[in-house]
Structure formats: C-alpha cells, structure tokens
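Q: One structure, pasted below without further comment.
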Amino acid sequence: MQPGGRPGEEAIQVKGWFGAHKYLILRRASQLSILALFLLGPWFGIWIVKGNIASSLTLDVLPLSDPLVLLQVLATGHVPETAALIGGLIVLAFYFLVGGRVYCSWVCPVNIVTDLAEWVRRKLRVKGSANFSDKTRYWLLGAILIVAAVSGSVAWELVNPVSMVYRGLVFGMGLAWGVVAAVFLLDVFVGRRAWCGRLCPVGAFYGLVGEGAVLRVSAVRREQCDDCMDCFAICPEHQVIKPALKGADKGIGPVIMSGHCTNCGRCIDVCGRDVFEFSTRFSNNSRQAVGGVNHKSEVSS
Amino acid sequence: MPDSEQQRNGIDPARRRFLTNTLRTAVGVGLVAVTLGVYQRQARALPATAIRPPGAADEETFQGACIRCGLCVRDCPYHTLKLAELGDEVALGTPYFTARDVPCEMCDDIPCVKACPTGALDHALTDIDEARMGLAVVIDQEACIAFQGLRCEVCFNVCPIRGKAISLDYQHNTRSGKHALFIPVVHSNACTGCGKCEKACILEEAAIKVFPVALAKGLLGRHYRLGWEQKAEAGEALVTPDTPHEYNLPEGMRYDHAGEGLIIGERPPMPSPPPQRGAPEAPQSPFPSNPLDTLNGKGNNKGKGGL
C-alpha cells in the first residue's frame, strides 16, 4: 500500500474494481439477502422464513436457532423444546464446517455497521486506539453465561446489539438505532475494530465453533507477497494473517488456521498479487505450492 | 503478586504486563457483568398492562426460557402479540400484548404456544381455557356504571367463558330503592386473562382491567382453613362439638357464665336445677305466661339472674 493510499489500490488496477471487491460484494449480498428473507414476510406477506436470527422457521419445516442464545437458555436451567435444539445443532454443524465467524462476515448485520465505521475511521484518519485485549471477548462470553446461570435470565439478550439489530429490523427497532450508533462510534473513535474484533462475545463464541472448521483462507502463493501490507490493513482480525503468510521459514503452512478469521475474503480481494484463495484446512502443507483446493463455489448461509 | 519490593522489581516485565492486562480486563468485564445482572433484575418488572402470551410461566422462568425469536408473534392470527422494542418497559424482545389495544382471541389450537421453539410458552397447555395469562379485576368500582345501577354488562357478555369467568351479582339498588345492581364479578378459577372484557369496557378508561396474576391475586395464609369447606370435605365437623362446661368448685360457690361470674356464699343446694328449687315458691311455672316478658326483663325472674 502506498503511504496515504487505501488498501486494494493495486488490486483494483490489476483486477478491476469488481475483481478487487468480489468477496465484499458477495458478503453484502449474503447479508442483505438473508435479511430480505426475514423481511419478505412482514413486508410483503411472503412467508419463507419466520422469526429472527435468534430462532427461525423456514418454509414451516426447517428450524434454525442461534446456538449461543440456546447455550444461555441452558445456563439458566431451562431445557428448550426439541425444535430449538435441533435448530441449534444444524446451525452449529454448518458453522463447524464453513468457519464459525462466517456468521460475523456473511450474516451479521452489525458487520455492515462496523465495516462502515472502519471505512470512516480510515477516511477521517483517526489515530490511536483504545487498547482492549483481544481476549476481552472470551471474558465477556464467560461473563454472559455466568450472569445467565446466576440470574436465571437470558440477560445478554437484553443488550446484545447483534440480535437487537436483527430483531429490530424484522419486528421494530424502538431505540435500538441508538445501540447501532454506539457501536459505530465505538469503532470509529474509541478503538479500531473494537466491537467485532475485541468485545463481541457472539463473535468469540462463533470463533470457538470455527476453530476446527474445514473452509479456510490460504496464502497459497505466499512467495509472491511483496509486503504491501494491504491485507493487514483491510483484515478485521489482522493478527491471523501473519503466521500463514510469513511462516514459511518456520515451517508453518499457508492456511490461516485461527478461529478468529472470519472468512470474509477481503484479503483475497485486496491482494494485487493473488496470494490468497479459499482452501481447506487439509491443504495446510507447509511446502504447499501453487494450487490447492480452489473453492470457486461461494459460501453463503 | 509478590509482596516484597525486591521481588516486585525482580518480576519479569512481560509477566507484569500480562498480569496487569489480565486484571484490567477481568475488572472491566466484571463491572459489565454486574451491570448486566442489575439490569436484568430491573427488566423483570413487568408493567401491569403487559400481558404474556398463553402458557408463559412466571416472569423469572419466562425470561430464562424465551429466546425472543418472535415466532409466537408471527403465528398469532389476530396480531395480538408484539415483541418489546428497546425503550419499551417490557424486557427487550419478549412477547406481550396490551389487552386494551388487542386482546387475546383464545384460539382453540393455541398457535402461539405451538410456535414456541423453546417451550417458554409451555407446550403442555392444550386447552386454552386452562391458560392463565392474567386475571381480570373490576379495578374501579366508582367508575364502573354497573355500580351506579346502570345496565351495561358488556364485560360479562363479551367474556369467552361467559358466566364462569365473569358472573353477575344482583344487589339491591339502595339509591332508587326498587332496582337491582348488576355487578360483574370475576372468578379466578375460570378467568384466562384474555382481556376481551378490558378491551370492551365502555368507559374511556376501562374499569375492568387484566393484570398479571401475580399482581391481581391475593393469597389467604397458607395455614388457613375454612371450617365449612373442611366440614363438607370430611362429611362431618372436624372440631369436637361444644360440651357444657363443668366447674369443679368448692361447696358454696358456683360460676355463672351469663354475667355474674363467681358466686360465693349462696345457698348450698344451688347445683340442683332451679326449677326444682323454685317449685315450692311458684308451683305453676317460674316464668310468666308471655315469654317476651322474660326476654325484655319484665318477668318475675327480674334481678335473680338468668338460668
């Protein structure tokens, strides 16, 4: 990246604007079309999906439930009906395969807000960042489960911006716009990627789910890297890139194995040298040469 | 942490930084957790006009079981239910209805309960008449026109369990002296809390309102038993019948229960019944011929005390 330039300029020159925003566009399409499925019912009376992201029923047969909300319910001591449990297991199995944090980058509506915040932050050249430990989210995840167990109430869902925004869009926002604004301002002015990358316990949970996920981004052609740093600049969890991209000397394979990686694909987009591509955890051979499993088919959820 | 100064200086800086950071995060998250705990307690304070869907357990249990998905709202054919939005007084995202706006129509198949994926709305509820969403209360007897002697009975007539959940109690109208008051009376053993009475109340502000059962219902002391109910259950009185009290007093004393108390130094043969004593004095009868004279104290027993 040129000093003062924005990440991906080289990629735009090489691949064109659409080529350099391919996964961003696909992700937005995924996020918005999932939301649209929920809104078709209340807006147009076309009931394909009922409910919201916490729990839903598709075509009156397929239950899907958020496993973290269910975990909180279990912590309170209530055993849910089988519909919710089955729905939770389906969702869990899906993210176990494609990467837990695919939820964050391909489904979660707050991601659009925090991506926008990151863009504004870059435009405004906001410097400095509150130093939240990236372990904070695990502490918060533990805390919300403890609060649920001690209070017997699904307390986190009273304030959870993720489910609040989704429910708000489908059922009515109330003052939830204020919470959206708070997350936005937090990410712009308080800390870079503070919400999604440091604090959000939902992301922490899905990160843990995705530790063993099959679908991975791989720096297959890492020897082509010219250290432009565009991928680091664009990555919402940039600590996950280094081991894979720069680990050749240490015998570390090219596949990004961290559960924090959201599989957003932006590193693939912004790289002008075509270093990254979607791959699987099984192709993590440290001597991996050009090639690997190339997932042309797109991830959606 | 080591306590002596030397050890503190000797601690590895990286380790020190790690411990400081960990402590900072732990304290910060702890504060968040405590705040969340306090907030969820406040969130349990359900406003009196917010009624939960059928099959919802008490508020504490409900808020542990409901995942705020809104499937009950979607399957409610009358758009009665809504999810609490941020800023509403009801816990965020949980379903409720306001009876005065849209009451529950008490569907026979209870679709809202069937839709609930977690059982926060208890799937064991299959008969809507068994639902206890709330309890109707004739809260303002000053405003209810039935208490003014005017004919209304709208709440009685709209009640889906008419005659059982709300009945009419006919009382004398003391104002006119010749009419009846048709007083609506709610019976908690049948009222489901659907809120149709509150919705239908003709007043500008309803005089009959549905409240959460916990608010509306009184409770007799748990030890309390009503004698007549116990008697009906057992088929006989459970307490020993009264027996005439016998006093074991020294000779020359007696106890008069009717007011004079302990009587000392009277004629010793008092224990024997007075009629026998009095027989020689008044051979015909100790009482005047008109019993009212005895009752009014005009008889010849006056001054001698009762029997």
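Q: For the Cα atoms of chain B, what angle does the longest principal axis make with the long axis of helix B:13-42, in degrees from 0 to 90, nearest 10?
A: 40
Q: Would you mind telling me the antiparallel percentage of the DSSP bridges in the protein assembly as shown, rounded to 5? Please list the in-between numbers first.
A: On the way: 34 of 37 bridges.
Counting DSSP beta bridges with both partners in the protein assembly as shown, the antiparallel share is about 90 percent.
Q: May I ask you to list the chymotrypsin sites (Phe, Trp or Tyr not before Pro) in the range B:65-125 that are in a DSSP loop and have at most 16 other Cβ atoms within 10 Å of their Cβ?
A: B:Tyr78
Q: Can you list the HN-Hα couplings for the range A:238-243, worked out from phi with the Karplus curve (6.51, -1.76, 1.60; θ = phi - 60°), rounded to whole Hz and with x for Gly and Pro?
A: Calculated HN-Hα couplings, in order: 5, 5, 7, 6, 3, x Hz.
Q: Against the longest principal axis of chain A, how steep is helix A:136-151, in degrees 0 to 90 to the nearest 10, with axes from Cα atoms?
A: 10
Q: Continuing with the same structure: So for the range A:48-209, considering every pair of alpha-carbon atoms, how many percent are separated by more than 25 Å?
A: 32
Q: Structure shown: which of A:Lys123/A:Lys242; A:Lys22/A:Lys123; A:Lys135/A:Lys242; A:Lys135/B:Lys82; A:Lys123/A:Lys250 lie over 27 Å apart, alpha-carbon to alpha-carbon? Don't skip to the answer; put the middle values down first.
A: Details: A:Lys123/A:Lys242 25 Å; A:Lys22/A:Lys123 22 Å; A:Lys135/A:Lys242 18 Å; A:Lys135/B:Lys82 37 Å; A:Lys123/A:Lys250 37 Å.
Correct reply: A:Lys135/B:Lys82; A:Lys123/A:Lys250.
Q: Using the Cα atoms of the range B:65-152, I'd like the radius of gyration and the largest Cα-Cα distance, Dmax, both in angstrom.
A: 16.0, 49
Q: Further question on the same structure: Kindly provide the Kirkwood hydrodynamic radius of the range A:14-137 in Å, to one decimal, from all pairs of distinct alpha carbon atoms.
A: After inverting the pairwise mean of 1/r, the radius is 17.1 Å.
Q: If exposed GluC sites (Glu not before Pro) are those in a DSSP loop with at most 11 other Cβ within 10 Å, what is the longest stretch of chain B that has none?
A: Longest site-free region, per DSSP loop and neighbour criteria: B:1-141.
Q: Which of the chymotrypsin sites (Phe, Trp or Tyr not before Pro) found in the range B:118-224 are loop residues per DSSP with 11 or fewer other Cβ atoms within 10 Å of their Cβ? It would help to have the intermediate numbers written out before the result.
A: Numbers: sites: B:Phe147, B:Phe156, B:Tyr170, B:Phe182, B:Tyr224; in loops: B:Tyr224.
Filter output for the range B:118-224: B:Tyr224.
Q: Hey, could you grab the Kirkwood Rh for the protein assembly as shown? Inverse mean 1/r over distinct alpha carbon pairs, Å, one decimal.
A: Averaging 1/r across every pair of different Cα atoms and inverting gives 30.4 Å.
Q: Given the range B:134-218, what whole percent of its Cα pairs are spread farther than 14 Å? If you can, show how the numbers build up before the last one.
A: Working: 2116 of 3570 pairs.
It works out to 59 percent of all Cα pairs.
Q: I would also like to ask the following. Convex hull over the alpha-carbon atoms of the range A:152-213: what's its volume per residue in Å³?
A: 115
Q: Now for a separate question. Between B:Gly28, B:Gly119, B:Gly218, which gets the highest mean-square fluctuation from a Gaussian network model of chain B, Cα cutoff 10 Å?
A: B:Gly28
Q: Around B:Ala56, which amide H atoms from residues at least 5 apart in sequence, or from another chain, sit under 5 Å from its own amide H, with H modelled in the peptide plane?
A: Residues meeting the criterion, in which the H sits 1.01 Å from N, are B:Asp122.
Q: Quick query: amide H of B:Leu181 versus all other amide H atoms, modeled in the peptide plane; which residues come in under 5 Å with a sequence gap of 5 or more or a different chain?
A: Long-range HN contacts for B:Leu181: B:Gln171, B:His172, B:Asn173.
Q: Once the Cα atoms of chain A are picked out, what are the Rg and Dmax in Å?
A: 19.5, 58
Q: Over all pairs of distinct alpha carbons, what does the Kirkwood formula give as the hydrodynamic radius of chain B, in Å?
A: Hydrodynamic radius (Kirkwood, Cα only) of chain B equals 27.0 Å.
Q: Along its principal axes, what span do the Cα atoms of the range B:20-129 show, with the longest given first and each in whole Å?
A: 61, 27, 21
Where a number appears in this text, it was derived from the coordinates with a stated rule and is not lab data. Everything numeric here is computed off the predicted structure, so don't read it as measured data. Methodologically, a virtual Cβ is constructed for each residue, glycine included, from the backbone with ideal geometry; neighbour enumeration extends over all protein chains shown.
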